[in-house]
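The values are calculated or read from the model by the stated rules, or taken from the named source; none is laboratory data. Note that the structure is predicted; figures quoted are calculated from it, not measured. Note: ideal-geometry Cβ built from the backbone for every residue, glycine included; neighbour counts use all protein chains shown. Protein only, heavy atoms only, side chains kept; ligands, DNA and RNA dropped before computing areas. Shrake-Rupley method; radii C 1.70, N 1.55, O 1.52, S 1.80 Å.
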Amino acid sequence: MVAQNSDKMKALAIKLFEINAFKFGDFKMKVGINSPVYFDLRVIVSYPDVMQIVSDLLVAHITDQQLSAKHVCGVPYTALPLATLVSVNQNTPMLVRRKEAKAYGTKKLIEGIYNAGDTCLIVEDVVTSGSSILDTVKDLQSEGIVVTDAVVVVDREQGGAANIAKHGVKMHSLFTLSFLLNTLHAAGKIEKATVDAVAKYISAVQINSDGSFVGGGDKSDAVKANDLQRTRLTYENRSNLAKSAVAKRLFQLMASKQTNLCLSADVTKADDILDIADKCGPYICLLKTHIDIVEDFSEGFITNLQALAKRHNFLLLEDRKFADIGNTVSLQYGKGLYKISNWADLVTAHTLPGRSILQGLKAALGNVEAGQERGVFLLSEMSASGNLIDDKYKENSNKIATEGGDIDFVAGIVCQSSNAFAFPGLIQLTPGVKIDESVDKLGQQYQTPELVVKERGADIGVVGRGIIQANDVQKAAITYRDRLWTAYKERVAK
Ligand code: S5P
């Protein structure tokens, strides 16, 4: 790497992390096991400034390494726009490899003008085993094209360089995973524990080009030992990995106040809610409302509730469970009697309408000042017996929460089980918590604080009637706070 580009490289590493081109957590990989780091460089096409920097650095790297080839060819599909930019910037003709031969016409696998014996430089985004590069090399070689080098944006350092070297192709990477980890750590973006966990995993899981593991075995031990599984990380650590500003704030609040209790204040008189909020405020991280059950709603009530939230340091979650088209939820969130977006730090929403639910809610927010950010908890499971949610719905809900341009708005997921999502930057909110496991008359299913936190992955337990119907609400809040918090401490100490 040329010296003057080193600052640019560091800045780009941080930028890539900030735009979610890579994340830390516990992710399912193509090779069949989980990984503590996940790259998705597909997102960079949405950031022309990032595309520009990446392609400038690739061109500089190509010059620096003296890689002269007659053509460039990107590995489909993510690297195609990058290869295009490299081709245009250094005036090198491009070749395009099709993944499938056309069913009509020429049936060519390689598009562009070339002759047997021409040289070609491969451009790739992320390399794990190197198998995708080798697929492209094979198709080029069968046309008589000579490939000796590949320039790549990120080398995950899991054996890819050695695998492609066996086929006579040398890899030149802009970033190694180690460089990214060290840069993010030096910039205060990730903890030492994250760096160590990824490094440990990478050295344990080296992959052959056929997808098998070096040294054989299924490496399930390495996966079990994944220190970045969200349920093993502390709230402090996870606040650094969160993408939503409110999730960051809530994780920090939970850690400093030592509470993971959300009180569901499901009573119908404004003064009763204020009374419960005042008594239980010191022991909760969130106060959850159903504002449409309040019989004597007024703006003064909201002012008082916000004052209590400030005094006792908790956030407000309006459990509105939005579920309509974008335009309607935007109006329901920002307008009407309750003007929810004005006062609720967080709201809940169903994923039933798809991604537009996030866009609709966001549309209700104007310019948001720092400290006034808003967030949403998406429901991907329900505690009601006989609910219609199935595994596919759950999986798609997780995708909405973790992929796409609005994920900085998603603070967490409302669900009942630890397998609902993997990304540790999201908060699992689990309702249906009571000291005695039971079912109410209307199908609500309860589990104990210990079970939801230690077995079901809850980060925050939601307690309604377990507290509000107690003779002494404050004492009940303390009991639930203590039991949920102890369960969390035991979970992360394992
Ligand atoms: O699946 C769910 C999702 C939610 S947000 N199951 C739930 O019970 N809730 C809410 O949590 C519900 O609307 C209620 O406000 C609270 C549980 O109250 P409890 O009295 O049964 O503890």
If you check residue 161 against the conditions, is it without any contact (Cβ under 8 Å) to a residue 40 or more places away in the chain, buried (at least 18 other Cβ atoms within 10 Å of the Cβ) and in contact with a helix residue (DSSP H, G or I) (Cβ under 8 Å, 6 or more places away or on another chain)? no
Residue that is free of Cβ contacts under 8 Å to residues at least 40 places away in the same chain, of a type in the set (S, T, N, Q), in the same structural domain as residue 341 (by TED's automatic domain parsing) and farther than 24 Å from residue 233 by Cβ, where the choices are 298, 256: 298
It is to be established whether one or more residues within region 119-126 are at pLDDT 95 or above, open to solvent by 50 Å² or more (accessible area, probe 1.4 Å) and out of contact with any helix residue (DSSP H, G or I) (no Cβ under 8 Å at 6 or more places or on another chain). yes
Elements of type helices (runs of 4 or more DSSP H) contained in region 1-103, each with 1 or more residues being charged (D, E, K, R) and free of Cβ contacts under 8 Å to residues at least 40 places away in the same chain: 6-18, 48-64
Can you confirm whether residue 280 is under 17 Å from residue 431 (Cβ atoms) and touching a helix residue (DSSP H, G or I) at 6+ places or on another chain (Cβ under 8 Å)? yes
Return yes when residue 62 is open to solvent by less than 20 Å² (accessible area, probe 1.4 Å), in the same structural domain as residue 138 (by TED's automatic domain parsing) and of a type in the set (Val, Ile, Thr) and no when it is not. yes
Would you point out which residue out of 68, 55 is polar (S, T, N, Q), more than 25 Å from residue 410 (Cα to Cα) and crowded, with 21+ Cβ neighbours inside 10 Å? 55
Would region 396-413 turn up any residue that is more than 19 Å from residue 253 (Cβ to Cβ), aromatic (Phe, Trp, Tyr) and assigned by TED's automatic domain parsing to the domain that holds residue 344? no
Within 18 Å of residue 80 (Cβ to Cβ), open to solvent by 10 Å² or more (accessible area, probe 1.4 Å), among the acidic types (Asp, Glu) and part of a helix (DSSP H, G or I): does that describe residue 135? yes
